[in-house]
Structures are given as structure tokens and as C-alpha cells.
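Data block below; observations after.
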Amino acid sequence: MENNEFETLKEEYDPMIHSILHKLHIKLDYEEYYQTALIGLWYAANRFEENKGTFTTFAYTTIRGEVLKILYKQSLFLQRSVQMEHDTLELIAEPAQDQILQQLLLAEYCTCLTPREKVYVEERIINDRSFEEIASRYNVSPETVKTWGKLAKRKLRNKYKK
């Protein structure tokens with residue numbers, strides 16, 4: 001699909017996008033969700049098959065699905081986040097102490113984890129490395145790294161349940 005074709009499609013389906021965002025009660029970060037909805041429209045335009053129904057229905061479902069997917073991911077993130085003390089958050093804001101603070105927080109919050117589970121937390125969560133990268137570094141399979149993660153998450157969830 002060419003850029004000018006998508007611009008026309010965007011103008012035509014703009015009211016639908018705003019309607020979807022309104023029905024989902026999106027107020028905060030509206031522009032981000034609007035962009036996500038546009039991505040959904042792009043997907044719909046590229047994946048639509050005429051013999052399977054109307055484009056409008058397909059576009060509505062695809063756009064709404066993309067927005068709901070992001071809402072779900074953010075909901076999971078908020079549920080799994082560990083609450084930190086205000087003082088800790090102030091320390092994080094100081095960039096000079098960032099690396100030392102990460103190591104201290106890791107040591108404090110991960111006392112219940114095995115060394116391999118700590119590796120998972122540090123490599124996957126703090127350093128944002130892929131399962132494959134971690135597996136390669138530690139000469140294990142990506143499935144093993146995923147297992148470390150499952151165990152670490154379970155232990156941390158149990159430890160920090162309110």
C-alpha cells in the first residue's frame with residue numbers, strides 16, 4: 001500500500017478510530033493509542049481478503065484488537081511491577097549511581113533467587129537481552145533461560161505479594 005493510499009484510508013477511518021478509543025475509555029496517552037490504532041488500520045489494509053467479509057468490519061476488529069493488545073500488556077506490566085520506596089526512586093534519578101544502584105537493588109530484591117535466576121533478571125530484565133543472547137552467553141538452550149525466568153518470576157511474585 002502506498003503512502004497516499006494510506007492517508008486516504010486514514011482520513012476515511014479516522015472517526016472509527018476515535019470512536020474505538022472513546023469506547024475503550026482512553027484518555028491518558030491518547031496519541032500513543034491513536035498511533036497503535038493507525039498501525040491496526042495498516043495491518044487491516046494489508047491483510048484484508050475480499051472474499052471473507054467487509055473491510056469496515058475487518059478494520060474495526062483489527063484496530064480494536066491492536067489497542068486491546070497494548071492495554072493488556074500495560075496491565076500485565078503494572079500488575080507485575082514491584083513497588084519501590086520514594087527514596088529508592090530518588091536514587092534511581094541520579095545517573096552517576098545508576099549502575100551501582102541496579103546491582104544493589106538486584107541484590108536486595110533477589111535474595112530468594114538462585115544464581116541462574118539472578119542471571120535471568122539481570123540479563124533479560126535489566127540489560128534487555130533476548131533469550132537467545134543469554135543462552136549463547138551461558139552455553140544453555142533458550143528454553144533453559146525461559147525456565148530460569150519462570151522460576152524467578154514465581155519466587156519474586158510470592159515474595160512481594162501484598
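The values are calculated or read from the model by the stated rules, or taken from the named source; none is laboratory data. Keep in mind the model is a prediction, meaning the values are calculated, not measured. Backbone-built Cβ (ideal geometry, glycine too); neighbour counts: all protein chains shown.
Scanning the range 1-16 for residues that are surrounded by 14 or more Cβ atoms within 10 Å (Cβ to Cβ) and more than 17 Å from Asn46 (Cα to Cα) returns Asp14, Met16. So for the range 34-46 (the condition being over 15 Å from Leu68 (Cα atoms) and exposed (fewer than 15 other Cβ atoms within 10 Å of the Cβ)), does at least one residue qualify? Within the range 34-46, one or more residues are over 15 Å from Leu68 (Cα atoms) and exposed (fewer than 15 other Cβ atoms within 10 Å of the Cβ).
Residues in the range 98-131 that are part of a helix (DSSP H, G or I), among the β-branched types (Val, Ile, Thr) and at pLDDT 80 or above: Val119, Val121.
Of the residues Ile63, Ile134, which single one is over 30 Å from Ile39 (Cα atoms) and modelled with pLDDT of 85 or more? Break it down stepwise before answering.
Details: Ile63 fails: over 30 Å from Ile39 (Cα atoms).
Testing whether each residue is over 30 Å from Ile39 (Cα atoms) and modelled with pLDDT of 85 or more leaves just Ile134.
Out of Thr88, Thr56, one residue alone is out of contact with any Ser or Thr (no Cβ under 9 Å at 6 or more places or on another chain), modelled with pLDDT of 80 or more and surrounded by 12 or more Cβ atoms within 10 Å (Cβ to Cβ). It is Thr56.
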